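**Student:** Can you keep this structure in mind? I'll have questions shortly.
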Amino acid sequence: NNRILVEQGLRRIRAGRCRPGIQALLELAGRSLNRVVAADMGYAVGPRLNAAGRLEDMGLGIECLLTDSPVAARQMAQALDRLNRTRREIEQEMKDQAMASLAQLDLVSTQGLPAGLCLYQGDWHQGVIGILASRIREQYHRPVVAFADGGGGMLKGSARSVPGLHIRDLLDRIASSRHGLLDRFGGHAMAAGLSLRKECLGDFRAAFEAEAAAILDTDSLEGRLLCDGQLQAAEFNLELAQQLRYAGPWGQGFPEPLFDGTFHLLHQRVLGGHHLKLRLLSPGDARVIDAIAFNQADQLGLPEQVRLVYRLDVNEYLGLLQPQLIVEAIQSTH
């Protein structure tokens, strides 16, 4: 039912039958209205709307969606875009601090990390700790709880989980077995929120690590990707990329196809400070194809032969449509 509703909504948006606020947000994000898919709503519209609630007042996002005036919608969308840029800067600073904190543990690899990570810094922003927890979870393939000061001697936490661990149930077990440790909590399988007294942080960290270790096995902590095989040389084309793009909406229980293969790397550079832009030769022929690895700029300096896990997507630049790989993981072949 959700997929049907989303698909029908996207069809209406692509036909121009949408609120002025949606149109303004998509335009500011550089998305073409007539080519919108669910990912554009999730990665372009959603973060801009959420930025208002994270940093100031969600009312701005609501007003942007409700207004009938294209002029007012544009003005509010620009304000939301500015807030989102601020949110990204705060998030990056917090992520750098969290990574530095983990680096101080002097661990050679993730094998030495506990099964669950519990992070806190006094100046972290309450509105961004959920995103921070997601980013750390993606990097280390472990459930993560990030805390910020909540005032009055309390900490506010945001938790993100991995497949195989129901994070809300884990918090329930902690609350039941250690009465009074948690002030309150709630959520679902993959995400939750909680609060506790600051002096209880050490006890909570120990309980969280122990409960996660009791549930998760080694395979669950390795962050394995399930792929749909390799694409043949002739399949790196715009037609297949467009078919995959509009076969969604993809999501929980209906994941977008992932492919893997070995490529010859022609060129690599950092884009926007955080992303890695690649030019590759597709396997089996001399066809050049572009690829982008979001938030993987630290991989710069790859060898000539690389194995990639990727999605086949469509890139639009100056009105020209071309197939492009969205790289999920990179592995050196040496």
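**Student:** If we keep just the residues of the range 120-136 that are without any contact (Cβ under 8 Å) to a residue 60 or more places away in the chain, in a loop (DSSP other than H, G, I, E, B) and open to solvent by 20 Å² or more (accessible area, probe 1.4 Å), which is nearest to residue 162 (Cα to Cα)?
**Tutor:** The extreme case among them is 121.
**Student:** Condition test on residue 203, is it open to solvent by 70 Å² or more (accessible area, probe 1.4 Å) and in a loop (DSSP other than H, G, I, E, B)?
**Tutor:** Answer is no for this residue.
**Student:** Between a residue in the range 204-215 that is without any contact (Cβ under 8 Å) to a residue 60 or more places away in the chain and under 20 Å from residue 184 (Cβ atoms) and any residue that is open to solvent by less than 60 Å² (accessible area, probe 1.4 Å) and assigned to a helix (DSSP H, G or I), which pairs come within a Cβ distance under 9 Å, given they are 6 or more apart or on different chains?
**Tutor:** Cβ pairs passing all conditions: 207/174.
**Student:** Within the range 144-156, can you find the residues that are open to solvent by 10 Å² or more (accessible area, probe 1.4 Å) and either touching a residue at least 12 places away in the same chain (Cβ under 8 Å) or hydrophobic (A, V, I, L, M, F, W, C) (or both)?
**Tutor:** If we filter the range 144-156 for residues that are open to solvent by 10 Å² or more (accessible area, probe 1.4 Å), which is where we start, we get 149-154, 156.
Scanning the range 144-156 gives 149, 150, 153, 154, 156.
**Student:** Something else now. Which condition breaks for residue 260 when tested against (1) within 24 Å of the chain's Cα centre (by Cα); (2) buried (at least 16 other Cβ atoms within 10 Å of the Cβ); (3) more than 18 Å from residue 285 (Cα to Cα); (4) not small (Gly, Ala, Ser)?
**Tutor:** Condition not satisfied by residue 260: (3).
**Student:** Next question. Can you report the number of residues in the range 241-257 which are over 30 Å from residue 189 (Cβ atoms) and surrounded by 14 or more Cβ atoms within 10 Å (Cβ to Cβ)? Outline the logic, then answer.
**Tutor:** So in the range 241-257, the residues over 30 Å from residue 189 (Cβ atoms) come out as 241-243.
The next check asks that each one be surrounded by 14 or more Cβ atoms within 10 Å (Cβ to Cβ); those that pass are 241-242.
Number satisfying all stated conditions: 2.
**Student:** Considering only the range 137-156, state which residues are more than 29 Å from residue 222 (Cα to Cα) and either part of a strand (DSSP E or B) or among the charged types (D, E, K, R) (or both).
**Tutor:** 149, 150, 151, 154, 155 - these are the residues of the range 137-156 that are more than 29 Å from residue 222 (Cα to Cα) and either part of a strand (DSSP E or B) or among the charged types (D, E, K, R) (or both).
**Student:** Next up: Is there any pair with a first residue in the range 40-62 that is without any contact (Cβ under 8 Å) to a residue 60 or more places away in the chain and acidic (Asp, Glu) and a second that is part of a helix (DSSP H, G or I) and open to solvent by less than 40 Å² (accessible area, probe 1.4 Å) whose Cβ atoms are under 7 Å apart and which are 6 or more apart or on different chains, and what are they?
**Tutor:** Every condition considered, the pairs that remain are 40/26; 56/83.
**Student:** I need every pair where a residue in the range 307-324 that is at pLDDT below 95 has its Cβ under 7 Å from the Cβ of a residue that is open to solvent by 70 Å² or more (accessible area, probe 1.4 Å) and part of a strand (DSSP E or B), sequence separation at least 6 or different chains.
**Tutor:** 307/331; 315/322
**Student:** Do you know which of the residues in the range 279-334 that are in a loop (DSSP other than H, G, I, E, B), open to solvent by 30 Å² or more (accessible area, probe 1.4 Å) and of a type in the set (Gly, Ala, Ser) is nearest to residue 241 (Cα to Cα)?
**Tutor:** 319
**Student:** Quick one: in the range 218-239, which of the residues that are touching a residue at least 40 places away in the same chain (Cβ under 8 Å) and under 13 Å from residue 164 (Cα atoms) is surrounded by the most Cβ atoms within 10 Å (Cβ to Cβ)?
**Tutor:** So, considering only residues that are touching a residue at least 40 places away in the same chain (Cβ under 8 Å) and under 13 Å from residue 164 (Cα atoms), the one surrounded by the most Cβ atoms within 10 Å (Cβ to Cβ) is 221.
**Student:** For the range 23-45, what are the residues that are open to solvent by less than 20 Å² (accessible area, probe 1.4 Å) and assigned to a helix (DSSP H, G or I)?
**Tutor:** Scanning the range 23-45 gives 24, 25, 26, 40, 44, 45.
**Student:** Give the residue, chosen from 74, 54, 48, that is in a helix (DSSP H, G or I), among the basic types (Lys, Arg), open to solvent by 30 Å² or more (accessible area, probe 1.4 Å) and closer than 26 Å to residue 156 by Cβ.
**Tutor:** Of the residues listed, the single one that is in a helix (DSSP H, G or I), among the basic types (Lys, Arg), open to solvent by 30 Å² or more (accessible area, probe 1.4 Å) and closer than 26 Å to residue 156 by Cβ is 54.
**Student:** Okay, moving on. Name the single residue that is nearest to residue 119 (Cα to Cα) among those in the range 166-200 being open to solvent by 50 Å² or more (accessible area, probe 1.4 Å) and part of a helix (DSSP H, G or I).
**Tutor:** Checking each candidate, the answer is 198.
The values are calculated or read from the model by the stated rules, or taken from the named source; none is laboratory data. The shown structure was predicted, so the numbers you read here are calculated from the model rather than taken from an experiment. Heads up, the Cβs are rebuilt from the backbone with ideal geometry, glycines too, and the neighbour counts pull from every protein chain shown. Calculation scope for accessible area: heavy atoms of the full protein, side chains included, ligands and nucleic acids excluded. Shrake-Rupley method; radii C 1.70, N 1.55, O 1.52, S 1.80 Å.
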